[in-house]
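Written out below as structure tokens is the structure these notes cover.
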Amino acid sequence: VTIAGRVTLGLLVAAIVAGIAGDMVPARAPVTLAGYRVVAADFHTHSSTWSDGALTPWGLVLEARRQGLDAIAITGHHQTLDAKWGRWFSERIGGPTVLVGEEIPERRHHLIAVGIHDTIDGRLAIGDQIDEVHRQGGVAIAAHPLAEFWPGFAPVMDRLDGTEICHPAIYESDGVQATLTQFAARTRAAAIGSSDFHGPGRLGLCRTFIFARDNTADAIVEAIRAGRTVVYGRDGTAYGDPELVRLAAVDGRLAAAARPDYPVGWLDRASRVSGMAGLAGLIVITRRRRA
Ligand SMILES: [Zn+2]
Ligand SMILES: [Zn+2]
């Protein structure tokens, strides 16, 4: 092996090692407030096996940990298998709490089921879908209730447990935040923030802060039913239980955690630079060989 070959190999190995080290997440102390464990959660995420996300269920679990989430629901379109695999994996690595979920995307409404165990048939009427979610011990959340979905939700406005008041769509066009807020005002549902993560964008953007007894699936579902949530929308406006919103404002930690920046540390930079240099070296070497 030539010296150039060794240098190239060294650069690539250094890139991988620095990349892995940079991805390690320091342990965070759990946040408690008003006697509750505050669980940072994302209840609307898609993975790749049977759904249309880019990450595997276990990739989603690792990314959730990296984004400082204590809990996620994996919500495949019309399926719950990815969520079960993700939960199995997360339990083994001591990762975030994974709730089994499903997105039921129908023409007239998209419904998120969280805390269920069996896939719910999208051909059921919306009221029957919600009954089935409740029968399985879960909660029903209106997914991105834009104006076109309002008629679909009309028969069940008093039976929704949660409604997405923060969703990445609020950043895509003006007026969406107002639409989601107006929809929520017509319900008694808990304020929910979800990333609807498929791969691009960021998992945990628009997260929900749940004020729960502990970080178990049962406690999280109970807290949603009781409306103990705080969500930060566009421009940092807080939604949710008024008393908890007030406490969170005094405390300040949740608003800061709601907009985590992507930290690009020196390890990330080192990984990128040595990775690019290594690849450049590889190209030069292979060209020379061919010549
Ligand atoms: Zn949807
Ligand atoms: Zn979705």
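The values are calculated or read from the model by the stated rules, or taken from the named source; none is laboratory data. Keep in mind the model is a prediction, meaning the values are calculated, not measured. Heads up, the Cβs are rebuilt from the backbone with ideal geometry, glycines too, and the neighbour counts pull from every protein chain shown.
Tabulated results
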item	result
Considering residues of the range 103-127 that are under 19 Å from residue 146 (Cα atoms) and among the acidic types (Asp, Glu) only, the residue farthest from ligand 1 (Cβ to nearest atom)	106
Residue, surrounded by the most Cβ atoms within 10 Å (Cβ to Cβ), within the range 142-173, restricted to residues that are out of contact with any helix residue (DSSP H, G or I) (no Cβ under 9 Å at 6 or more places or on another chain) and more than 18 Å from residue 104 (Cα to Cα)	168
Residues within the range 179-218 that are within 15 Å of ligand 1 (Cβ to nearest atom) and among the charged types (D, E, K, R), tallied	1
Options 192, 224: the member that is under 20 Å from residue 44 (Cβ atoms) and within 16 Å of ligand 2 (Cβ to nearest atom)	192
Tally, over the range 39-77, of residues that are aromatic (Phe, Trp, Tyr) and surrounded by fewer than 24 Cβ atoms within 10 Å (Cβ to Cβ)	2
Elements of type helices (runs of 4 or more DSSP H) contained in the range 72-163, each with 1 or more residues being at pLDDT 95 or above, over 21 Å from the mean Cα position of the chain (by Cα) and away from ligand 2 (no atom under 16 Å from the Cβ)	126-135, 150-153
